Amino acid sequence: FYAMLLESFLAVCVICCLLVGLSLADYRGYCYPSAGKGNAILTFAMAVGHTVNTGLGLPIAAGALGAMLLLEGFLVTTLDTAIRLTRYMIEEGWATFFGHYDVFAAAGCADPAKSFEVAGTGGMRIDEPHPAPAPAAQPVVATRGLGRAALRFLRYYWVNSGLAVAIMLLLGWGNGYKVLWSIFGSANQLLAALALVIGSLWLIHKGRPVRYLLIPALFMLATSLTMLVRLLVKDYLPAWPKTAPLVITDLVVLAMSVGITLLAARSWLQTRRKDIL
């Protein structure tokens, strides 16, 4: 919650720098030039540079350089988070597909609060959540030889980290990130909305006040889904097949969001039914 407030405060500071540091003509010249493409990074840097010069008397170049370093820091932390989360998803994917094999079943733990041993670390244990073992009703398949070695290879943390880095390099090498960036804003806000929905559901199950969390969750969910539908109908589908990756991503995100929302609604109805009975 406090991180969200801090991020909002940062956004307000950036807007203030643009208002104070740049005139409307300068802003249009940097962002929307009459010839060529605009440069949003240069716009931000020059706005900070002029603001620092007006408020503190520092050179404009020093303020602009500081702004670029600040932006670079945000990009580095974002990339670090993306790689880390991608690694987690890859590990969970392996456990989902191969969880009934003994190599992965033995690595699971019913209590996610316990630590887990990481393959390839000589017994080192970390406090990261790992998938639960395969259900008891599902028989565990024994593996031997090459199959066992291959499955154990997928449990090495550096293998999954390497796969995550390779995916990021592929996006950067082919400028794929530019294609997906146009949908990032809506997807990012939708993630926050779904987190609020899950938090609201937890409060409902605990019998605690939920209005202060549920109202912003519904608002963010409505705006994010509306934007995804608008992008799909007005921007992506008319430009098919050039925008095929965006269409597929948009549809997948919409389907997953609707599914999570329906599951949350069903859980809420079950809770209410229990309370009535």
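The values are calculated or read from the model by the stated rules, or taken from the named source; none is laboratory data. Since this is a predicted model, take the numbers as computed values, not measurements. Neighbour counts run over all protein chains shown; Cβ positions are idealised from the backbone, glycine included. Calculation scope for accessible area: heavy atoms of the full protein, side chains included, ligands and nucleic acids excluded. Shrake-Rupley method; radii C 1.70, N 1.55, O 1.52, S 1.80 Å.
Examine the range 149-160 for a residue that is surrounded by fewer than 16 Cβ atoms within 10 Å (Cβ to Cβ), aliphatic (A, V, I, L, M), touching a residue at least 24 places away in the same chain (Cβ under 8 Å) and within 30 Å of ILE248 (Cα to Cα), and state whether such a residue exists.
no
Within the range 59-75, is even one residue closer than 30 Å to THR143 by Cβ and aliphatic (A, V, I, L, M)?
From the range 59-75, those closer than 30 Å to THR143 by Cβ are none; that's our starting set.
Checked the range 59-75: no residue is closer than 30 Å to THR143 by Cβ and aliphatic (A, V, I, L, M).
Applying the selection to the range 215-239, what residues are farther than 19 Å from PHE184 by Cβ and modelled with pLDDT under 85?
If the condition is that a residue be farther than 19 Å from PHE184 by Cβ and modelled with pLDDT under 85, then no residue fits.
Would it be correct to say that TYR236 is among the hydroxyl-bearing types (Ser, Thr, Tyr) and open to solvent by 90 Å² or more (accessible area, probe 1.4 Å)?
no
So LYS242 fits all but one of (1) exposed (fewer than 12 other Cβ atoms within 10 Å of the Cβ); (2) within 20 Å of TYR2 (Cβ to Cβ); (3) not hydrophobic (A, V, I, L, M, F, W, C); what number is the exception?
(2)
What number of residues within the range 218-233 satisfy the criterion of being open to solvent by 90 Å² or more (accessible area, probe 1.4 Å) and in contact (Cβ under 8 Å) with a residue 40 or more places away in the chain?
Qualifying residue count for the region: 0.
Identify, from the list ILE215, ILE183, the residue that is assigned to a helix (DSSP H, G or I), surrounded by 11 or more Cβ atoms within 10 Å (Cβ to Cβ) and touching a residue at least 40 places away in the same chain (Cβ under 8 Å).
Result of the check over ILE215, ILE183: ILE183.
Consider THR86 against the criteria (1) surrounded by 12 or more Cβ atoms within 10 Å (Cβ to Cβ); (2) at pLDDT 80 or above; (3) closer than 30 Å to GLY49 by Cα: it satisfies all of them except one. Which criterion is unmet?
(3)
Could you please let me know if LYS242 is under 28 Å from VAL179 (Cα atoms), outside any helix (DSSP H, G or I) and of a type outside the set (S, T, N, Q)?
yes
If you scan the range 200-237, which residues turn out to be among the polar types (S, T, N, Q) and in contact with a helix residue (DSSP H, G or I) (Cβ under 8 Å, 6 or more places away or on another chain)? Walk me through it before giving the result.
Applying the first criterion (among the polar types (S, T, N, Q)) to the range 200-237 yields 200, 223-224, 226.
Answer for the range 200-237, where residues must be among the polar types (S, T, N, Q) and in contact with a helix residue (DSSP H, G or I) (Cβ under 8 Å, 6 or more places away or on another chain): SER200, THR223, SER224.
What do you reckon, is SER257 assigned to a helix (DSSP H, G or I) and touching a residue at least 60 places away in the same chain (Cβ under 8 Å)? Step through it out loud before you land on a result.
Values: assigned to a helix (DSSP H, G or I): yes; touching a residue at least 60 places away in the same chain (Cβ under 8 Å): yes.
Against the criterion (assigned to a helix (DSSP H, G or I) and touching a residue at least 60 places away in the same chain (Cβ under 8 Å)), SER257 qualifies.
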